[in-house]
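Structure first, commentary second.
The values are calculated or read from the model by the stated rules, or taken from the named source; none is laboratory data. No experiment lies behind these values; they were computed from the predicted model shown. Cβ coordinates were reconstructed from backbone atoms using ideal geometry, including for glycine residues, and neighbour counts include every protein chain displayed.
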Amino acid sequence: MGTVFALADCNNFYASCERVFDPSLAGRPIVVLSNNDGCIIARSAEAKALGIGMGLPFFQYEKALLRHGVAVFSSNYALYGDMSARVMSTLGRFTPNLETYSIDEAFLDLSGLPGDLTAYAARIRETVLRWTGIPVSIGLGPTKTLAKLANRLAKDAPGHNGVLDLTGPRDREAFLARVAVGDIWGIGRRHAARLDRYGVRTALQFSRLSRDFVQKHLTVTGLHTLLELQGVPCIDLETAPTPKKSIISSRSFGRPVTTGTDMREAVAWHITRATEKLRRQKSLAGTILVSMQTNRFLTGEPQHEASDSLTLPMPSAYTPELLAAGLSLADRLIRPGYRYKKVGVMLLGLEAEDTVQGSLLAPPEADSSRRRALMDGIDRINAKWGRETVRPAATGLARPWGMRQARRSPRYTTCWAELPLVRAG
DNA sequence: TCTGGGGTCCTAGGACCC
DNA sequence: TCTGGGGTCCTAGGACCC
């Protein structure tokens, strides 16, 4: 018996989360918007059936959506993140070997399981649905790529009840023939277009290409995809979360920003947020990068896009130090007279806080333990009393650059004041 | 007025070394 | 016209994922 991977993927996850706490949404088309209520990033099955595309700018379709009775939500990541954790912990009851692949997907290693795999997967589905209210589909395969493909078929192909098994070679070719090459995990738009020029349109055709051809055109990652489709595992299950190698905080503004003060506040806010993430994974950053841009869709307006980075003398997770570095970069980049749309901060050159290299030139800071205690104290207060209970003054108070979120549902599961209310009688 | 955010990996080419 | 050979490291850009 070989390896068996399952991919469990929540159906229309964000839309499903909204539905769990609002039964009146059953059967209704739902869309969820990106940050700032910009684009449509999630759709319920009913919304997809109406032909509402992914990534469409909301403001262009707002009237049509409301006319069709579509329920529209701002994204509510407090809710989605918490529901995701519930789904993952439920899945964890069925195997200790689980990789949380994204907010709504997990790979499970089901190798060596006795009995009927399809029935086992069906039981996983039922349990997740009963315990969390979230519907999932499950694909089974001897490699992650085939499990992904099986999952897609489980969702799209009727008559499979949300579970599809591609672990055996039986019927595999027939299923591969039904999947477009661009729908293979790891084959994106560009590669799909390139393959199309060679007449390669289905997963089956792709799986029959020579290794040399694939490596030449799609590099080694493409070669791994090829082998995985042929049933040869190349991509392992990663059960332990690995620390990030870079951390980003960036966001569009709710409205154009024109003053240096607002720009600096926004940059400081992102630095603070990125540095919190950095400390949470117990890392230090060697380099900070600040970027900003105007609204590229407004072709009539003057455009400015700029970014620059600065490498610290010693890697750090001390917010005031990163604020000083990042704001000095911002001051060099910001140009008066532009209407900015977005700023971002990236932390690079990350290393674990306990393995950092010392420097011959800069002796260890006498107050480094004091700095660490200060950050630790602030992080604890904010964990207990809520984000931004204690925050740098540089991040401002009024936040005129903050994002729009006109249609957010309550944070049903993470906020006492927003718990769902049930009336009896 | 309005168009998302956050990541990873690979390769080519330049800088630099002996 | 010709002007070595081989290696490492870093970065930018491109591709992919959700």
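Couple of notes before you dig in:
- Count - residues of segment A:21-62 that are under 19 Å from the mean Cα position of the chain (by Cα) and touching a residue at least 60 places away in the same chain (Cβ under 8 Å): 5
- Residue match in segment A:328-336 (condition: buried (at least 19 other Cβ atoms within 10 Å of the Cβ), within 17 Å of A:Ser249 (Cβ to Cβ), touching a Ser or Thr at 6+ places or on another chain (Cβ under 8 Å) and modelled with pLDDT of 95 or more): yes
- When we screen A:Thr259, A:Thr287 for residues that are among the hydroxyl-bearing types (Ser, Thr, Tyr) and away from DNA strand C (no atom under 15 Å from the Cβ), the only hit is A:Thr259.
- Selection count where residues are in a loop (DSSP other than H, G, I, E, B) and within 16 Å of DNA strand C (Cβ to nearest atom), scope segment A:45-66: 4
- Of all the criteria given as (1) loosely packed, with under 14 Cβ neighbours inside 10 Å; (2) not aliphatic (A, V, I, L, M); (3) not in a helix (DSSP H, G or I), the one not satisfied by A:Thr167 is (1).
- Condition met for A:Leu329 (more than 16 Å from DNA strand B (Cβ to nearest atom), touching a strand residue (DSSP E or B) at 6+ places or on another chain (Cβ under 8 Å) and under 17 Å from A:Trp269 (Cα atoms)): yes
- Looking across segment A:243-285, the residues that are part of a helix (DSSP H, G or I) and near DNA strand B (Cβ under 8 Å from one of its atoms) come down to A:His270, A:Arg273, A:Ala274, A:Lys277.
- Criterion applied to A:Arg211, A:Arg201, A:Arg178, A:Arg197 was being charged (D, E, K, R), away from DNA strand C (no atom under 14 Å from the Cβ), modelled with pLDDT of 95 or more and loosely packed, with under 13 Cβ neighbours inside 10 Å, and the one residue passing it is A:Arg211.
- The condition (being farther than 23 Å from A:Arg404 by Cβ and either in contact with a helix residue (DSSP H, G or I) (Cβ under 9 Å, 6 or more places away or on another chain) or among the hydrophobic types (A, V, I, L, M, F, W, C) (or both)) is satisfied by just one residue among A:Gly51, A:Gly27, A:Gly92, A:Gly112: A:Gly27.
- Matching residues in segment A:210-242 - criterion: being out of contact with any strand residue (DSSP E or B) (no Cβ under 6 Å at 6 or more places or on another chain), closer than 29 Å to A:Thr287 by Cβ, within 11 Å of DNA strand B (Cβ to nearest atom) and not in a helix (DSSP H, G or I): A:Pro241, A:Thr242
- Complete set of residues in segment A:377-425 that are surrounded by 11 or more Cβ atoms within 10 Å (Cβ to Cβ) and in a helix (DSSP H, G or I): A:Gly377, A:Ile378, A:Asp379, A:Arg380, A:Ile381, A:Asn382, A:Ala383, A:Ala394, A:Thr395, A:Glu418
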